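I am attaching a structure below and will ask some questions about it afterwards.
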Amino acid sequence: MLSIYGDLHIHIGAAAGQAVKITASRSLDLRTVLFQDAPRKGLDMVGIVDAGTLPVSFEIEQMILSGEIRELQQGGFLARNGVLLITACELESLEGVHWLIFLPYLKSLKEFQRFVRSRVNNMQLSTQRTRVNAREMVNLSLLLDGILCPAHAFTPHKGVYGFWVDRMAAVMKEDLKQIKVIELGLSADTDMADTITETRQFTFLSNSDAHSSANVGREYNLFRMRAKNFEEFRYCVENSQGRKITANFGMDPRLGKYHRSYCPSCATISTDEPPVLICGKCGSDKMIIGVYDRITSIKDRDQPAHPVGRPPYYYRVPLKQLPGVGPRMHEKLITYFGNEIYVIEKASEEDITRIAGEDIASMIMKMRNSRMEIVPGGGGHYGKVKKNSH
């Protein structure tokens, strides 16, 4: 079996000379992700969630013709440097929820485009509002032999639990059994999600939702697969054939920009006991409800109850966010060790000390083995690692 590191939610800023994801960096294109960002981060597999747009699918076809990537019989696309590309489409359903549909083949992307052409306003841009409801999303993914996944499920911005429903079963009915996987999002972790009994049936993904090269791989997963292809990825998500996700690596939820409730009226991130639905400082009820506060208000267990085989969740902080790791030190570490995941997961304390000094080495060891001290984020502002964390 292979151990594969994968980040399955990366946005493309531009393709074929056109903007694709407006909020993403224009320099974040398909070639950059596959041949620069993935190797630097240490990722073996990447999910591009704008592949259903016309510019990105065109670029995929061009890269197949040039031999830069090849389509695999079992689905997925293998780049010539060994990185597996999983294509996906992020859509917003009529309910205002964001969904990912992972698709195996180029022909699946074409069928997807034929289906949504009359249901979106712009085929060039990603994450379009689509005239399809949540249950129709299930049918669409089945029709395309895809994998449907609620994106950043707990965030107040378009997350299925974050702003739409307390329980998916209430609205999805029997269609819920077709959903095998949910994406936790940057402000939630396994312990938080598993205080809701309904989530026991889902595999969890922790992905970056990167809009720039710097954020590719800020969250990732470790997959146990027999080979690099879409079919094996499907087995992992379904937890079948001995394939599985063996670990989720994610930012401490307190670092997420929607972790705690935030009051736009007085610009306060709440530190009161959750759930905070009204501002304790100015009394406003126009709050951006934090992920922690939202889960606290809808959970049905005080303690998380993990199903058998739920993989561990390891708290990670991207190297660039560690106090003392400036751009030059970051570059030095990657140049010496080959990629960032190697530094974070495998490099010895002695080797890191030799390259980066004792402080940074002990901080990385602390991160590897426990949670760091953090000033929590909220309302669109990321949390921060405290300088004395090590």
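No lab work stands behind these numbers, since they all come straight from the coordinates. These figures come from a predicted structure and were not determined experimentally. All Cβ positions, even for glycine, are placed from backbone atoms using ideal geometry, and neighbour counts span all protein chains on display.
Output the pairs from Lys346/Lys386; Lys177/Lys320; Lys107/Lys346 with a Cα-Cα distance over 32 Å in this structure; if there are none, say none. Present the calculation step by step, with values, prior to reporting the outcome.
Working: Lys346/Lys386 24 Å; Lys177/Lys320 40 Å; Lys107/Lys346 39 Å.
Distance filter (> 32 Å) returns Lys177/Lys320; Lys107/Lys346.
Starting from the Cα of Lys21, draw a straight line to each of the lysines and keep only those under 17 Å, dropping any in the same chain fewer than 8 residues away.
Partners found: Lys158.
Go through the cysteines of the chain and tell me which have no other cysteine Cβ under 4.7 Å away.
Result for the chain is Cys89, Cys149, Cys236, no neighbouring Cys Cβ within the cutoff.
Describe numerically, in nm with one decimal, the distance between label points set 7 Å from Cα along Cα→Cβ at Thr197 and at Ser362.
Each label point lies 7 Å from its Cα, and together they span 4.7 nm.
Another question, then. Using a Cα-Cα cut-off of under 13 Å, which aspartates and glutamates could be cross-linked to Lys228, ignoring same-chain neighbours fewer than 8 residues away?
Excluding near neighbours in sequence, the set is Asp44, Glu71.
Lys and Arg at +1, Asp and Glu at -1: add these up for the other residues within a Cβ distance under 9 Å of Ile344 and post the number. List each step's numbers first, then the result.
Working: positive: Arg316, Lys346, Arg368; negative: Glu340, Glu345.
Spelling it out: positives minus negatives among the neighbours equals +1.
For segment 2-252, state the semi-axes of the equivalent ellipsoid (square roots of 5 times the eigenvalues of the alpha-carbon gyration tensor), sorted largest first and rounded to whole angstrom.
Values: eigenvalues 123, 89, 60 Å².
In descending order the semi-axes read 25, 21, 17 Å.
Still on this structure, I have one more. Kindly provide the helix-only [θ] at 222 nm of the chain, computed as the sum of -39,500 (n - 2.57) over DSSP H runs of four or more divided by all residues, to the nearest 500 deg cm²/dmol? The partial results should precede the final answer.
Numbers: 12 runs with 99 residues, N = 390.
Computed mean residue ellipticity for the chain: -7000 deg cm²/dmol.
Follow-up. In 5 Å bins starting at zero, report the fraction of Cα pairs in segment 25-167 per bin as a rounded %.
2, 10, 19, 22, 19, 15, 9, 4, 1, 0
If segment 136-240 were replaced by its equivalent ellipsoid, with semi-axes equal to the square roots of 5 times the Cα gyration tensor eigenvalues, what would those be, largest first, whole Å?
Numbers: eigenvalues 87, 74, 37 Å².
Values for segment 136-240, descending: 21, 19, 14 Å.
Moving to a separate point now. Once the other residues with Cβ under 13 Å from the Cβ of Cys149 are scored (Lys, Arg +1; Asp, Glu -1), what is the net sum?
Details: positive: Lys180, Arg234; negative: Glu90, Glu183, Asp209, Glu238.
It works out to a net charge of -2.
Hey, what did segment 2-252 get for relative contact order, percent, Cα under 8 Å, at least 6 apart?
Numbers: 587 pairs, mean separation 53.1, N = 251.
Reported as a whole number, the value is 21 percent.
Anyone know which of Ala193, Ala347, Ala267 comes out most mobile in the 10 Å Cα GNM of the chain?
Ala267
Nearest-5 percent of antiparallel DSSP beta bridges in the chain?
Details: 34 of 50 bridges.
Approximately 70 percent, going by the DSSP bridge assignments.
For segment 153-162, what does the Karplus curve 6.51 cos²θ - 1.76 cosθ + 1.60, with θ = phi - 60°, yield as ³J(HN,Hα) per residue in whole Hz, taken in order and with x for Gly and Pro?
With the stated coefficients, segment 153-162 comes to 4, 10, 7, x, 9, 6, x, 4, 8, x Hz.
Give me the extension gain from Arg328 to Arg70: residue separation times 0.36 nm, minus the current Cα-Cα distance, reported in nm with one decimal.
Details: separation 258, 0.36 × 258 = 92.88 nm, distance 3.53 nm.
Answer, rounded to one decimal: 89.3 nm.
For segment 1-59, build the convex hull from the C-alpha positions and give me its volume per residue in Å³.
85
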